[in-house]
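Down below is the structure, laid out as structure tokens.
Read-outs: derived from the displayed coordinates by stated rules, not from any lab. Remember, it's a predicted structure, so these values are computed and weren't measured experimentally. For neighbour counting, all protein chains shown are included, and Cβ atoms are generated from backbone atoms with ideal geometry for every residue, glycine included.
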Amino acid sequence: MDAGTLIVGASQAGLQLAVSLRDAGETGPVTLIGEEPHAPYQRPPLSKAYLQGSTELEQLWLRAPEFLAGNDISLVTAERIETIELDDGGPSGSARTRSGNVLNFDRLALTVGARPRRLDAPGAELAGVTYLRTADDATVLRELQSDAESVVVIGGGFIGLEAAAVARAQGKSVTVVEAVDRLIGRAVAPVVSDFYRAAHTRRGVDVRLGTRVTRLAGEGDRVQAVELSDGTWVSADLVIVGIGVVPRSKLARQLHLDYDNGIVVDRFARTSNPSVVAAGDCTVQPNPLTGHGLVRLESVQNAISQAKTAAATLAGRSEPNDAVPWFWSDQYNLKLQIAGLSTGHDHYVVRGDIGGESFSVLYYRDGALLAVDAVNAPGDYMAVRKALTQGSTISAEAAADSAVALKRLIVPQPVGA
Ligand SMILES: Cc1cc2nc3c(=O)[nH]c(=O)nc-3n(C[C@H](O)[C@H](O)[C@H](O)COP(=O)(O)OP(=O)(O)OC[C@H]3O[C@@H](n4cnc5c(N)ncnc54)[C@H](O)[C@@H]3O)c2cc1C
């Protein structure tokens, strides 16, 4: 009997993989198994509308359970795969769940995502110290936040800053503590980091850069204050830790798959065992734009695009994942949109009005357009995304004139570029 495809991890990537397999004409059993007790849902609103209390979990479902049933996709929730074995190297094998069930499969996909990096400081286990990855995390946080007066956010990355913006909009006293000397330093240029520091400060957030939390203190088991590396104490009846994620590796290690801060996959979402595919936050892959170097992309766009590639690979088609990466972040009334990857840039051009909170930054290397960060500048974002998608460019000199719409400046790449 056909044991079908087992997809481990029922979130953005796993759900897309299941749907794309059916779209590709797969008729065998497809099982999507996830340890969370919910149908697959969107995570981005957890640090935005859901945290604000302006949406509920059912509105975040990626697909209604009836859709999955109608497409003969078996969804198993609240069940964790503990061990996996392949028969003679694969592709078939069997997986054992936490509750002791054994699932046989003909083909295996790993979409196990990542978990939040834990804070390593005395007092980190106190009540009121929270993380934000799952819907259950967000539900706890939004309840605690409604009663909190002073919130300390540890980590000035996207999730920390979005949570800080929500807390500030709710009138809380908010402090953001970031260990390095700028905000969102892994993703944007200093000019954008400086903008976000100023934007949060203007709205009343106390931003502490180059500062670490050295310990947390409480009364009973509840957090009350955090001590910073400069010796100062900040009151906190709620602490939100947003210091990055760690891709899940346990199953990949059982299967002896290459792992390098993520499951290593190629452009076709194949792991080092080509009969096993992986997609989403759990992977590292060749840069989709240049093909060089391994990158880990934690984004909805990547989870979807790589999952489609993985489904195509399982269906016997070769469709490389070379889509232009894109990402967004909402903080207050500021919409940041990113297209491309700015890593390795040697030059950038700023357009628009930073003080007026509407501007964009275009990144270049050796004169080649790499990426854009656009704040309340959707036209610039769309133009760069279009140029990168069609293999065109926009010259840095021309882009520097903010009076000219970027979409008018898209030109073919010079020959040999
Ligand atoms: C608060 C928040 C805000 C975000 N905002 C944005 C945004 O604005 N824009 C953007 O592009 N991206 C955003 N992201 C990132 C985006 O949500 C992720 O990139 C995306 O969810 C990755 O999907 P995934 O399926 O690869 O992994 P995940 O979403 O991590 O899902 C993996 C799933 O696998 C399950 N699992 C793991 N191991 C097992 C096992 N052994 N057995 C069974 N199940 C298992 C996990 O429980 C989890 O449900 C945000 C993320 C968070 C947390």
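A few points about this structure:
- For GluC sites (Glu not before Pro), the sites in segment 130-166 that DSSP calls loop and that have at most 16 other Cβ atoms within 10 Å are Glu149.
- Of interest is the spacing of the C-alpha centroids, which for segment 223-262 and segment 303-330 amounts to 27 Å.
- Estimated from helices alone, the mean residue ellipticity of the chain at 222 nm is -6500 deg cm²/dmol (sum of -39500 (n - 2.57) over DSSP H runs with n ≥ 4, per residue).
- Gyration tensor verdict on segment 110-209 (Cα atoms; rounded if a/c is under 1.5, prolate if a/b is larger than b/c, oblate otherwise): oblate
- Highest mean first, the peptides 244-251, 349-356, 38-45 sorted by other C-beta atoms within 10 Å per residue fall in the order 38-45, 244-251, 349-356.
- Rounded to 5, percent antiparallel among DSSP beta bridges of the chain: 60 percent
- Shape category assigned to the chain from the gyration tensor of Cα positions, a/c cut at 1.5: oblate
- Loop-located chymotrypsin sites (Phe, Trp or Tyr not before Pro) in segment 334-417 (DSSP state other than H, G, I, E, B) with a sparse environment of at most 10 neighbouring Cβ atoms within 10 Å are absent.
- Fully extended contour minus Cα-Cα distance, from Lys335 to Ser74, at 0.36 nm per residue: 90.3 nm
- Computed over the chain, relative contact order equals 13 percent, with contacts defined as Cα pairs under 8 Å that lie 6+ residues apart.
- Annotation for segment 1-67: GluC sites (Glu not before Pro) lying in DSSP loop with at most 15 further Cβ atoms inside 10 Å of their Cβ are Glu56.
- Net charge in the neighbourhood of Val176 (other residues with Cβ under 15 Å of its Cβ; Lys, Arg +1, Asp, Glu -1) is +2.
- Among residues other than Val30 with Cβ under 9 Å from its Cβ, the summed charge is -1 (Lys and Arg +1, Asp and Glu -1).
- Each of His256, His200 was scored by other Cβ atoms within 10 Å of its Cβ. Listed from fewest to most, they are His256, His200.
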